[in-house]
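A.B. asks: Dropping a structure here in structure tokens format, bear with me for questions.
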Amino acid sequence: MSIAKDLNRLEEIVRKLEGEDVELDAALALFEEGVSRLRAAREHLEAAEVKVQTVLEEAGGDLRLSDLDG
Amino acid sequence: MALSFQFGSLTPTDEVWSVSQLTSAVKRLVEGELVPLWIRGEVVGLKVWSSGHWYFGLRDRSSQVRCCMWSRYSQTAGEPPKEGTEVFVLGKPGIYEAKGEFQLNVTRMIPTAAIGAAQRELERVRELLRRDGLFDQARKRPIPALASSVAVVTSTAGAALRDVITVVGKRWPCCRLVVVNARVQGDGAVHALVRALRLVNRIAGIEVCIVGRGGGGREDLSAFNSEAVCRALAAVRVPTISAVGHETDISLTDLVADLRAPTPSAAAEMAVADRREVSRQLADLAARLAGGLGGRTRLAAERLARTADRLHGSVEAALRRERHRADRLAGQLDALSPLRILDRGYAVPVGPDGHVLKRRAEFAPGAPFRLRVADGDVAARVESP
């Protein structure tokens, strides 16, 4: 799941929770989902180092990705 | 040492200068005063030394200047021009002290005819691409705000790649950069760039594509003005940023790309988000998430309390379950402190049967109850109604 999707979904969840027409049950489920998306997004942001890859086209036309300096 | 002119002295005195003093003073004057200049003239008497250095004269109708071009510069100038060829040279005036000679130290040389031909070709391609709508503003796609996979089409040997990696590493280290190596100048650069740009379309997950190189002179950027490269760039399926690293000269890829960056570093900044900014955004969302749930559960609790008389055991159990769940969820997030009401100094009075005491009528004079606080509960007694 990409961080963009997590953030968009979080926005959506918060807007729903801030409205008043969500049933309590649904609100709790939304909250639960929001917490897990927050956690996923934070972990994503904490990635230590940018991953640099190079791509090569092999004789058969397939692509091969490999880490640069690796 | 300053130059001093003593026109009054007619005989040699203590003021006599050595030749070295004179040439070094003139050198300082000339080299301090004049920045590198573009000069137009005809090449005469060009000699290529075994070291690769070029020595030649540059002349117009009435004057001539001695020039030298060190091998590391002459290497990039192609074949030595024939006698009498008109050229533009970029050079810094200087003094060669050992011979007391004024000379131009040349770093670039372009035949004037080549400029004319290159200019005509540029205009032709520009007009073709314009006619086909490749520069249309309506074609421009927005750059995604939070790209996590960026392709970089450039030379793996060039400074542009290092700049991009540095900037992305600082701003958005959770990103994946996929480098597609391509020659960016000289023979084969057009072919290599076209191939690389087509390859980008086949790499899974790419969200933005940067194409570019570090700064260079006009002829070094010619691949970025080629029709084939421009068309391949227009065919890239994700938004593109052109960064040819030349602030003053716009290349045609700059016009075709969805966004133009003045340098590769600037392109990297445009391609990825700033981690600090997104962290702030997340903190804000966390607070609103907690606030949203707090409001929602309060509302539900109030509604249930109003109809408490008609509640059956099953409903009470359901409410307890939901409260349990809310407590558990609230405990998961330290950041969501608004839920930790007791920590903020509130206390909850609880009757002997475990029910929360909410109305004056529930406090009989002298009756014992317990006060639940942040870290446990304490015994209490109603003093008077």
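Values quoted throughout were computed directly from the atomic coordinates according to the rules given, and no laboratory measurement underlies them. Quick caveat, the model's predicted, so the values are computed rather than measured. Glycine also receives a Cβ, built like all others from the backbone with ideal geometry; neighbour counts cover every protein chain displayed.
A.B. asks: Say each of B:ASP136 and B:ILE115 gets a label point 7 Å from the Cα, pointing the same way as Cα to Cβ; how far apart are those two points in nm?
C.D. replies: Each label point lies 7 Å from its Cα, and together they span 3.6 nm.
A.B. asks: Let me ask you something else. Take the Cα coordinates of chain A, assign each an equal point scatterer, and use the Debye formula without solvent to give log10 I(q)/I(0) at q = 0.18, 0.24, 0.25 Å⁻¹.
C.D. replies: At q = 0.18, 0.24, 0.25 Å⁻¹ the computed log10 ratios are -0.76, -1.01, -1.05.
A.B. asks: Can you give the mean number of other chain Cβ atoms that lie within 10 Å of the Cβ atoms in peptide B:195-208?
C.D. replies: Working: counts 1, 2, 0, 1, 4, 1, 0, 5, 4, 2, 1, 1, 2, 0.
So the per-residue partner count for this stretch is 2.
A.B. asks: Residues with amide H under 5 Å of B:GLN185's amide H, sequence separation 5 or more or different chain, H placed in the peptide plane at 1.01 Å from N; which?
C.D. replies: Counting only residues 5 or more places away or on other chains, the set is empty.
A.B. asks: Roughly how many nanometres apart are two label points built 7 Å out from the Cα toward the Cβ at B:TRP70 and B:THR166?
C.D. replies: Each label point lies 7 Å from its Cα, and together they span 2.3 nm.
A.B. asks: Assuming R0 = 45 Å, can you tell me the calculated FRET efficiency for the pair B:SER279 and A:LEU63, based on Cβ-Cβ distance, to the nearest 0.05?
C.D. replies: 0.85
A.B. asks: Ok, one more. Can you work out ³J(HN,Hα) from phi for every residue in the range B:368-380, in order, using Karplus 6.51 cos²θ - 1.76 cosθ + 1.60 and θ = phi - 60°, giving whole Hz and x for Gly and Pro?
C.D. replies: In residue order, the calculated couplings are x, 8, 10, 9, 8, 10, 4, 10, x, 9, 10, 6, 8 Hz.
A.B. asks: Given labels modelled 7 Å from the Cα in the Cβ direction, how far is it in nm from B:GLN21 to A:ALA26?
C.D. replies: Between B:GLN21 and A:ALA26, the simple spin-label model gives 9.6 nm.
A.B. asks: Using a cut-off of 12 Å between beta-carbons, work out the net charge of the residues near B:ALA268 (Lys and Arg +1, Asp and Glu -1, B:ALA268 not included).
C.D. replies: For residues surrounding B:ALA268, the net value is 0.
A.B. asks: If I stretch the segment between B:ASP377 and B:LEU37 completely, what's the gain in nm (0.36 nm per residue apart, minus their alpha carbon distance), one decimal?
C.D. replies: 113.9 nm
A.B. asks: Would you kindly state how much longer the chain becomes between B:VAL44 and B:HIS191 on full extension, computed as 0.36 nm times their sequence separation minus their alpha carbon distance, in nm to one decimal?
C.D. replies: Residue separation times 0.36 nm, minus the Cα-Cα distance, leaves 49.3 nm.
A.B. asks: For chain A, what does -39500 (n - 2.57) per DSSP helix run (n ≥ 4), summed and divided by total residues, give at 222 nm, in deg cm²/dmol to the nearest 500?
C.D. replies: Result for chain A, helices only: -18500 deg cm²/dmol.
A.B. asks: Further, regarding this structure: Step through the residues of the range A:33-47 one at a time and calculate ³J(HN,Hα) from phi using the Karplus curve (6.51 cos²θ - 1.76 cosθ + 1.60, θ = phi - 60°), rounding each to whole Hz and writing x for Gly and Pro.
C.D. replies: 5, x, 4, 5, 5, 4, 5, 4, 5, 5, 4, 4, 5, 7, 3
A.B. asks: Just add up the charged neighbours of B:ALA232: K/R +1, D/E -1, any other residue whose Cβ is under 9 Å from the Cβ of B:ALA232. Please list the in-between numbers first.
C.D. replies: Details: positive: B:ARG195, B:ARG198, B:ARG231; negative: none.
Residues near B:ALA232 contribute +3 overall.
A.B. asks: Over the Cα atoms of the range B:21-61, how large are the radius of gyration and the largest Cα-Cα distance (Dmax), in Å?
C.D. replies: 14.0, 34
A.B. asks: Largest first and in whole Å, give the semi-axes of the range B:19-127's equivalent ellipsoid, each being the square root of 5 times a Cα gyration tensor eigenvalue.
C.D. replies: Taking √(5λ) for each Cα gyration eigenvalue gives 29, 15, 13 Å.
A.B. asks: Same structure again: At 0.36 nm per residue, minus the direct Cα-Cα distance, what do B:ALA157 and B:TYR346 gain on full extension? Give it in nm, one decimal, please.
C.D. replies: 61.6 nm is the gain from fully extending B:ALA157 to B:TYR346.
A.B. asks: Would you kindly work out the equivalent ellipsoid of the range A:31-70 from its C-alpha gyration tensor and give its semi-axes, the square roots of five times the eigenvalues, largest first in whole Å?
C.D. replies: Values for the range A:31-70, descending: 35, 14, 4 Å.
A.B. asks: From the phi of every residue in the range B:254-259, what ³J(HN,Hα) in whole Hz does the Karplus formula 6.51 cos²θ - 1.76 cosθ + 1.60 yield, where θ is phi - 60° and glycine or proline is x?
C.D. replies: 4, 7, 7, 5, 5, 9
A.B. asks: Averaging the inverse of every distinct alpha carbon separation and then flipping it gives the Kirkwood radius. What is it for the range B:226-295, in angstrom units?
C.D. replies: 14.7
A.B. asks: Can you give the charge dipole size of the range B:11-167 about its Cα centre, rounded to the nearest 20 debye, using +1 on the beta carbon of Lys and Arg and -1 on the beta carbon of Asp and Glu?
C.D. replies: In total the dipole reaches around 660 debye.
A.B. asks: Enter the per residue convex hull volume of the range B:139-221, computed from alpha-carbon coordinates, in Å³ rounded to the nearest integer.
C.D. replies: Given the Cα convex hull of the range B:139-221, per-residue volume reads 109 Å³.
A.B. asks: Enumerate the lysines that B:LYS82 could reach by cross-link, defined here as Cα to Cα under 18 Å, with residues fewer than 8 away along the same chain left out.
C.D. replies: B:LYS47
A.B. asks: Using modelled amide H (1.01 Å from N, peptide plane; none on Pro or chain starts), what sits under 5 Å from the amide H of B:ARG108, excluding residues fewer than 5 places away?
C.D. replies: Those lying under 5 Å, H to H, from B:ARG108 are B:LEU90.
A.B. asks: Let me have the relative contact order for chain A, percent, based on Cα pairs under 8 Å that are six or more residues apart.
C.D. replies: 26
A.B. asks: I'd like to know which of B:LEU252, B:VAL278, B:ALA268 lies farthest towards the positive end of the charge dipole of the range B:239-280, counting +1 on Cβ of Lys and Arg and -1 on Cβ of Asp and Glu.
C.D. replies: Result: B:VAL278.
A.B. asks: Continuing with this model, one more query. How large is the Rg to Rh ratio of the range B:158-271 when both quantities use alpha carbon positions and Rh follows Kirkwood?
C.D. replies: Ratio of gyration radius to Kirkwood radius for the range B:158-271: 0.93.
A.B. asks: Right, another one. If you place +1 on the Cβ of every Lys and Arg and -1 on the Cβ of every Asp and Glu, how big does the dipole about the Cα centre of the range A:15-67 come out, in debye to the nearest 20?
C.D. replies: Roughly 180 debye, rounded to the nearest 20.
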